[in-house]
Amino acid sequence: MKISSVDPFYFQMPDITSAADGTQDTLLVRIRTDTGYEGWGECDASPLVSLAVYCCPMSHGNIINIHTSLIGETLAEPSDVVRLSEKVLRNGLDIQQIQHAYSGAEIALWDIIGKKLNQPVYKLLAEMTDSSDTPHPKLPYASVLFGDTPEETYQISLDLQKRGYRAAKFGWGPMGKYGEENDIALVRAAREGMGPDTQIMIDAGVVWGTDYETAYKRAAAFAQFAPTWLEEPLAPDAIEAYNSLTEMNPAIPIAAGEGSNSFRMAEDVIVNGGIHYVQIDTGRIGGIMPSYQVCQLAEQHGIQYVNHTFKSHLSLAAALHVFATKPEFKLIEYPAAGSALSQQLVKEPFPVDKDGMIRVKELPGLGVDVVTEAIRQYLTPVHIQVADETVFQTAEL
């Protein structure tokens, strides 16, 4: 079958704020074939910047847009996804945001191949690597932002505990901005609301930049509340600082990696940064296959692989297929407080089962369906014109 259309769509909520909430807008990519198959993927990056990568006019042989690279190509088996990824990234060698943008298309290609072969994506990945195709349940940790105050954080945490979550991550917001005493109060509130028999994770939101000494001190201060990890205390590319921090043997494990927009960047923070948990976003790193390769690398280095997902359950589906067959990787980031756009995007979101776990869906492709009618109200039409030529016009949804 041939790829007949590659269509990015920009969606946004009516009001966008400066909160670190990636669900306020999104870029979805729909790919169709001449045989009637349709796949969807989601990017976790600035939507309009990513959209431009699908249609920017060719500058030279290293700046060729994603649409041009994919349209008319053959798509018949999993190896074609790998081949097309290599083509897209080579053609877009000098496009800075190529991996972020291409993530949505790559995920959509896997969705189509799974549907064509009547197999869930995780099985296709297992077949390609001669590994087990038995899926394992994951413990979802509710992923939320800190409240503006410790009191608000406590109420958020208590609500999650009442909803039955056995684990929750609190991040960004005021963390690191108002001194050590306030930071400790935020973490204390998160622990008190969730209770002693649950897991809590702390996401510092890169607030300390390269200051690994402050990160070390905060890890020591937070240890009394037994968090599972301290996430992204430093900037994504502060590899030497991460190495200095982890060599000091901090009181709690260090997690990072969500900012990785390539396999090499993730490899760097694992091998040279010494982190204990690597967190990968399929919507940033280039899609499902590079995420899977990082998962394999984590196995080799004896560290934990965890998804990063603060989008919709379309992104969650892509993330889950990556490590569904890995029993040693038990935690999954679960969007628990996203926008109406993110909550309405798929027909049947992943439920938290009675045992508190979530499971991959035994359905072809990603196993979720995008509900275009429900999200049509958030669609923002885009028209890009260069001189007298229209280089992009939003397609019919």
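The values are calculated or read from the model by the stated rules, or taken from the named source; none is laboratory data. All figures in this text were calculated on a predicted structure; none of them were measured in a lab. Using ideal geometry, Cβ is built from the backbone for each residue, glycine included, and neighbour counts are taken over all protein chains shown. Ligands, DNA and RNA are stripped out before the accessible areas are found, and what is left, the full protein with its side chains, is counted by its heavy atoms. Shrake-Rupley method; radii C 1.70, N 1.55, O 1.52, S 1.80 Å.
Some points to look at:
- Those residues of segment 85-108 which are in a helix (DSSP H, G or I), under 23 Å from GLY22 (Cβ atoms) and not aromatic (Phe, Trp, Tyr), in sequence order: ILE98, GLN99, HIS100, ALA101, SER103, GLY104, ALA105, GLU106, ILE107, ALA108
- Contacts under 9 angstrom Cβ, first residue in segment 354-369 being over 19 Å from ASN307 (Cβ atoms), partner among the β-branched types (Val, Ile, Thr) and not in a loop (DSSP other than H, G, I, E, B), 6 or more apart: PRO364/VAL121; ASP369/VAL346
- Yes/no for ARG191 being surrounded by fewer than 24 Cβ atoms within 10 Å (Cβ to Cβ), more than 18 Å from ALA19 (Cα to Cα) and at pLDDT below 95: no
- Count of segment 135-155 residues which are part of a helix (DSSP H, G or I) and closer than 25 Å to ARG359 by Cα: 0
- Comparison of PRO349, PRO335 shows that the only residue that is open to solvent by 10 Å² or more (accessible area, probe 1.4 Å) and touching a Leu at 6+ places or on another chain (Cβ under 7 Å) is PRO335.
- Residues that are over 30 Å from PRO78 (Cβ atoms) and in a loop (DSSP other than H, G, I, E, B) within segment 366-393 comprise THR380, PRO381, VAL382, ALA387, ASP388, listed in sequence order.
- Checked across segment 289-312, the condition of being crowded, with 24+ Cβ neighbours inside 10 Å, of a type in the set (S, T, N, Q) and in a strand (DSSP E or B) holds for at least one residue.
- Residue ID - farthest from TRP208 (Cα to Cα), chosen from residues in segment 154-170 that are under 24 Å from the mean Cα position of the chain (by Cα) and surrounded by 20 or more Cβ atoms within 10 Å (Cβ to Cβ): TYR165
- Residue list for segment 171-200, filter: within 22 Å of ALA215 (Cβ to Cβ) and among the polar types (S, T, N, Q): ASN182, GLN199
- So GLY92, is it open to solvent by less than 20 Å² (accessible area, probe 1.4 Å), without any contact (Cβ under 8 Å) to a residue 60 or more places away in the chain and not basic (Lys, Arg): yes
- Here ALA52, ALA20 are screened, and the one residue that is in a loop (DSSP other than H, G, I, E, B), hydrophobic (A, V, I, L, M, F, W, C), surrounded by fewer than 21 Cβ atoms within 10 Å (Cβ to Cβ) and touching a residue at least 24 places away in the same chain (Cβ under 8 Å) is ALA20.
- Contact map, segment 212-237: residues that are closer than 12 Å to MET201 by Cβ paired with residues that are open to solvent by 10 Å² or more (accessible area, probe 1.4 Å) and among the hydroxyl-bearing types (Ser, Thr, Tyr), Cβ distance under 6 Å, separation 6+ or inter-chain. Pairs shown: TRP229/TYR277.
- The combined condition, being crowded, with 22+ Cβ neighbours inside 10 Å and touching a Lys or Arg at 6+ places or on another chain (Cβ under 8 Å), is not fulfilled by GLY72.
- Scanning segment 181-191 finds no residues that are assigned to a loop (DSSP other than H, G, I, E, B), in contact (Cβ under 8 Å) with a residue 40 or more places away in the chain and over 20 Å from the mean Cα position of the chain (by Cα).
- Failed condition for LYS115, given (1) in a helix (DSSP H, G or I); (2) over 28 Å from ILE332 (Cα atoms): (2)
- Total residues in segment 96-121, condition open to solvent by 20 Å² or more (accessible area, probe 1.4 Å) and in contact (Cβ under 8 Å) with a residue 12 or more places away in the chain: 8
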